[in-house]
Ligand code: MLT
């Protein structure tokens, strides 16, 4: 979220056309006035000058939704959408202050220009001012307001979009190898609401909510369609995206997941685990889950990874974990969807996955007309982090086929 407060901007008569409306050129000026005003309330242009740079607008588009007239007062907020090395993509929204109706929004690309006129890296002070957290180890983590929650996401690279959806009770970092290596794709790895470092509301957890959050995240990133890779619970979310937002799904990678809903025993077990999370916290959940989450080989040969996954679970708030458990408990089966999937699909499974074993993956593959299957040796239920190079390689081959198909 932006650290910059919204500003009120009055529409001047000379900015309006003969019919009294703001036209596109005038809107650009209005948004520019709003940026100056926003900065004036904070550090002012000094924040750029002291770094010896100038933010040059290289691209600007305006979408307007409703007319605005002389004397109207619009509330304009400015948010960072994407942080590049030398550029920032900003979104500005002008709303009616009384009911919050969106009147117009602008998308801008600002390039930082040094004294010799060359692009120069965005100073951290400036990116932070616009509201990002920059993590040098696992890439940029940006925050996106997607309606009633704010999601954290790691967004990297350019090209067709690949949306990476993590499992339970994990976060976006299970995809760190794929994020780092799948060049030529715009890799988008969010933390689902209530997990990782995304906002964790007290309630509002359901597969539909996770899927709608992701559709809105794609909107925010101006991505129309993405190949969706979902691991386990991420696969359940991918099925829900198909149900609710099918036109956004360009291809599927179903990783260590299944289409069946929970049976009666399974639902009871979800309730019990939710109670464990709420009464004894994420550590107790980690103790119960870790032995079956990671494969035998990983448990024996990668103690640091076991520790990393434990820490990942400890990062999740207890009520986010409980919310996810209840969302999984209440999900419907996706078996009826499988025969209708026509986009290219890859099913990936760790050979040692005890939670969704290879036999289940085989059944899933056979039920989807457009699917192929790959088994990952030496990996369990979280194959992308247990056998990262092997998983990235099969992803890369599949994605290449999708791109050229
Ligand atoms: C996951 O990894 O997301 C979980 O194992 C899914 C589940 O418990 O059904």
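The values are calculated or read from the model by the stated rules, or taken from the named source; none is laboratory data. Quick caveat: nothing in here was measured; it's all calculated off a predicted structure. Heads up, the Cβs are rebuilt from the backbone with ideal geometry, glycines too, and the neighbour counts pull from every protein chain shown.
Scan the stretch 220-234 and give yes if some residue there is buried (at least 24 other Cβ atoms within 10 Å of the Cβ), within 16 Å of the ligand (Cβ to nearest atom), in a helix (DSSP H, G or I) and touching a residue at least 24 places away in the same chain (Cβ under 8 Å), otherwise no. Looking for residues that are buried (at least 24 other Cβ atoms within 10 Å of the Cβ), within 16 Å of the ligand (Cβ to nearest atom), in a helix (DSSP H, G or I) and touching a residue at least 24 places away in the same chain (Cβ under 8 Å), one finds at least one in the stretch 220-234, hence yes.
Taken over the stretch 50-103, residues that are part of a strand (DSSP E or B) and either touching a residue at least 40 places away in the same chain (Cβ under 8 Å) or buried (at least 17 other Cβ atoms within 10 Å of the Cβ) (or both) amount to 32. Looking across 316, 284, one residue alone is away from the ligand (no atom under 15 Å from the Cβ), in contact with a helix residue (DSSP H, G or I) (Cβ under 6 Å, 6 or more places away or on another chain), in the same structural domain as residue 345 (by TED's automatic domain parsing) and closer than 23 Å to residue 355 by Cα. It is 284. Filtering the stretch 165-197 to residues that are within 16 Å of the ligand (Cβ to nearest atom), assigned to a loop (DSSP other than H, G, I, E, B) and in contact (Cβ under 8 Å) with a residue 60 or more places away in the chain leaves 166, 167, 168, 169, 170, 171, 192, 193, 194, 195, 196. Considering (1) more than 16 Å from the ligand (Cβ to nearest atom); (2) at pLDDT 90 or above; (3) part of a loop (DSSP other than H, G, I, E, B); (4) in the same structural domain as residue 235 (by TED's automatic domain parsing), the lone condition that residue 208 does not fulfil carries the number (3).
Residue-by-condition table, conditions (1) outside any helix (DSSP H, G or I); (2) in the same structural domain as residue 188 (by TED's automatic domain parsing); (3) within 12 Å of the ligand (Cβ to nearest atom):
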| residue | (1), (2), (3) |
| --- | --- |
| 242 | no, yes, no |
| 252 | yes, yes, no |
| 259 | yes, yes, yes |
| 267 | no, yes, yes |
| 271 | no, yes, no |
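With respect to being in the same structural domain as residue 383 (by TED's automatic domain parsing) and within 26 Å of residue 356 (Cα to Cα), residue 200 falls outside the description.
Scanning the stretch 1-49 for residues that are loosely packed, with under 12 Cβ neighbours inside 10 Å, more than 30 Å from residue 151 (Cα to Cα) and in contact (Cβ under 8 Å) with a residue 24 or more places away in the chain turns up just one, 13.
Restricting attention to the stretch 360-384, the residues that are over 26 Å from the mean Cα position of the chain (by Cα) and within 13 Å of the ligand (Cβ to nearest atom) total 1. Among the numbered conditions (1) under 28 Å from residue 225 (Cβ atoms); (2) under 24 Å from the mean Cα position of the chain (by Cα); (3) surrounded by 21 or more Cβ atoms within 10 Å (Cβ to Cβ), the only one that residue 387 does not meet is (1).
Restricting to the stretch 290-308, what's the tally of residues that are surrounded by 22 or more Cβ atoms within 10 Å (Cβ to Cβ) and part of a helix (DSSP H, G or I)?
Initial filter on the stretch 290-308 (surrounded by 22 or more Cβ atoms within 10 Å (Cβ to Cβ)): 293-295, 298.
With part of a helix (DSSP H, G or I) added as a condition, the list becomes 293, 298.
The qualifying residues number 2.
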